[in-house]
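Visitor: Just passing along the structure, written as structure tokens.
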């Protein structure tokens, strides 16, 4: 799996968020998308996800053959603070709903996801009663446990305490082999495992 950027740029109104990005992301590699708050990390990730179109340049997806941008969602799992969950769903319903659209990682099912979350006693609890940390753990577990070649993590430890951060790093070790991993962050402990970095500040006009 590869994502190839050619002279990629995105602007809002007349302001360029980034320009002239030439970069190739390859499966089996881990990449940190860096930059201070408000620099455009999430915007770039949204373009890579196909949620935003580039203002200039091209983005191409390959998995043996070219993948159309409108189909790339099938290959990507995302965890981010701004990703909404259905608050009225219980945890069990959330897991079942998510995996109608994504396959489980080998050896996993809904019970295994609950076990990974250590929230089995909350399986029948609506998400609207979850703490922000519990919601973030749920988002991470859904993303990590889905069998997709691309894993996108934007500010992955938002709302997590020290124990939650250690749990996240354990997921990295267990679930990122042979995946293309993208981490949007400005916290070194969130992306210290990444082999390569792309700093948004290097692509400002």
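Visitor: Looking at the range 87-108, which of its residues are outside any helix (DSSP H, G or I) and surrounded by 13 or more Cβ atoms within 10 Å (Cβ to Cβ)?
Guide: 89, 90, 99, 102, 104, 105, 108
Visitor: What residue, of 147, 154, is on the phi < 0 side of the Ramachandran plot and surrounded by fewer than 21 Cβ atoms within 10 Å (Cβ to Cβ)?
Guide: After applying the criteria, what remains is 147.
Visitor: (1) in contact (Cβ under 8 Å) with a residue 24 or more places away in the chain; (2) closer than 24 Å to residue 177 by Cβ: which one isn't true of residue 65, the others all being true?
Guide: It fails just one condition, (1).
Visitor: Same structure again: Somewhere in the range 118-141, is a residue touching a residue at least 40 places away in the same chain (Cβ under 8 Å), buried (at least 17 other Cβ atoms within 10 Å of the Cβ) and more than 28 Å from residue 30 (Cα to Cα)?
Guide: The answer is yes; a qualifying residue exists.
Visitor: Let me ask you something else. Restricting attention to strands (runs of 3 or more DSSP E) lying wholly within the range 124-203, give those where 3 or more residues are closer than 14 Å to residue 83 by Cβ and touching a strand residue (DSSP E or B) at 6+ places or on another chain (Cβ under 8 Å).
Guide: Answer list for the range 124-203: 150-154.
Visitor: Something else: Hey, could you check the range 3-14 for residues that are on the phi < 0 side of the Ramachandran plot and surrounded by fewer than 18 Cβ atoms within 10 Å (Cβ to Cβ) and say which is nearest to the chain's Cα centre (by Cα)?
Guide: 4
Visitor: Continuing with the same structure: If a residue has to be crowded, with 16+ Cβ neighbours inside 10 Å and over 30 Å from residue 135 (Cα atoms) to count, how many in the range 64-85 make the cut?
Guide: Matching residues across the range 64-85 total 1.
Visitor: If you don't mind, there's one more thing I want to ask. Picking from 21, 17, 33, 59, which residue would you name as being surrounded by fewer than 20 Cβ atoms within 10 Å (Cβ to Cβ), in a strand (DSSP E or B) and either in contact with a helix residue (DSSP H, G or I) (Cβ under 6 Å, 6 or more places away or on another chain) or in contact (Cβ under 8 Å) with a residue 40 or more places away in the chain (or both)?
Guide: Just a single option satisfies the conditions, and that option is 59.
Laboratory data are not the source of any read-out in this text; all were calculated from the coordinates shown. Remember, predicted model here, so these are calculated numbers, not experimental data. Positions of Cβ are backbone-derived with ideal geometry, glycine not excepted, and every protein chain shown enters the neighbour counts.
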